[in-house]
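Novice: This is the structure I have questions about; it appears just below.
The values are calculated or read from the model by the stated rules, or taken from the named source; none is laboratory data. All values reported here derive from a predicted model rather than from experimental measurement. We place every Cβ from the backbone using ideal geometry, glycine too, and count neighbours over all the protein chains shown. We work out accessible area using only protein heavy atoms, side chains counted, and drop any ligands, DNA or RNA first. Shrake-Rupley method; radii C 1.70, N 1.55, O 1.52, S 1.80 Å.
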Amino acid sequence: TTTSHWPRSESGATGFVALSRAARSTLTGALPAFALVLTLSLATFAGMVSQGIARGETTASWHVAGADVMIQADPGSGPVSPAAVTAIGAVRGVRHATEVWNTNWFTSFGQPISVSAVDPASYAAVVAGTPFPPFPAGRIGAAAPNRVLPPAAVVPVLASPSAAAILGTRPIQLDTLSATEPLTVRVAGTVSETPAQLAGGPFVIMPLLRLPGPAGAPAPNLILATGSAIDHAQLTAVADRVIPGSVVYTCRHFRR
């Protein structure tokens, strides 16, 4: 019995050694290919991570600047004039530019509402050049910065969801601490986010109007601009000239 086991053991051992050698030979031949696949996989993963980071940075920059360019006027430099908007719009690479008048209002219950007064047509053109949702300019009419708003007029506005929840569907009065008469608004639609109000929260967007009261003249304090391959050196020089003390923010992305 003992003797009869040896042949089977030798056969088993031989088979095991042969199998080991075959496996080693197979793995040796496959190692370069395996290394190549691993290298390509790592390179692909690294590229995906890099692209993901770049996309994240670009998205974040849109929510800092709002547009390709945002020019914030200094409070002491006075309101942004139509001539300043025209000058910024003439900078090389700028396709659309628009002014924004951002102010703070509150309801009769003391709930704060941020108000952005814009020229709906030019604002919609700027928004169209950003990743933000399209701006439905037709819902709030046209700007009328040179005509005084009648005291009893109801102004249609586009509201953020939180502002719409506060204001409801009926006309409601808003007040401000400046020397301006109360403003009656009616929610004509909602916008989830928009370049003029990057902080979010309760806000409304209305046409740029001359409001009743000593401080009712439009006083835009922001310019938004979009375009491709904008000449930032020229833009900064023009902004310094037409809006002294202004701060220029640019969106970090790669439009050519």
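Novice: Using every pair of alpha-carbon atoms in the range 73-155, split the distances into 10 Å bins beginning at 0 and state the percent of pairs per bin, rounded to integers.
Specialist: Taking all Cα pairs of the range 73-155, the binned fractions are 13, 39, 37, 10, 1 percent.
Novice: Let me ask something else. When the accessible area of the range 57-201 is computed with all protein chains present and a 1.4 Å probe, what percentage of it is carbon and sulfur? Kindly include the intermediate steps, with their values, before the conclusion.
Specialist: Numbers: 3910 of 6790 Å².
Answer for the range 57-201 is 58 percent, counting heavy atoms of protein chains only.
Novice: How large is ³J(HN,Hα) for each residue in the range 65-73, as worked out from phi by the Karplus curve 6.51 cos²θ - 1.76 cosθ + 1.60 (θ = phi - 60°), to whole Hz, x for Gly and Pro?
Specialist: 3J(HN,Hα) across the range 65-73, in whole Hz: 9, x, 8, 4, 9, 10, 10, 9, 6.
Novice: May I pose another question? Once you have the alpha carbon radius of gyration of the range 120-256, what is it after dividing by 2.2 N^0.38 Å, with N set to its residue count? Show your work: numbers first, answer last.
Specialist: Values: Rg = 16.7 Å, N = 137, 2.2 N^0.38 = 14.3 Å.
The range 120-256 yields a ratio of 1.17.
Novice: How many nm is it between the label spots at ALA179 and ARG139, if each spot is 7 Å from the Cα in line with the beta carbon?
Specialist: 3.6 nm
Novice: Provide the per residue accessible area, probe 1.4 Å, for the range 127-182, rounded to a whole number of square angstrom.
Specialist: Accessible area per residue, the range 127-182: 55 Å².
Novice: Going by average Cβ density within 10 Å per residue, which order do the peptides 67-74, 132-139 take, highest to lowest?
Specialist: Sorting 67-74, 132-139 by mean packing, highest first, produces 67-74, 132-139.
Novice: Just check the range 58-112 against the gyration tensor rule for me: Cα atoms, a ≥ b ≥ c as the square roots of the eigenvalues, rounded for a/c under 1.5, and otherwise prolate or oblate depending on whether a/b exceeds b/c.
Specialist: The shape class here is oblate.
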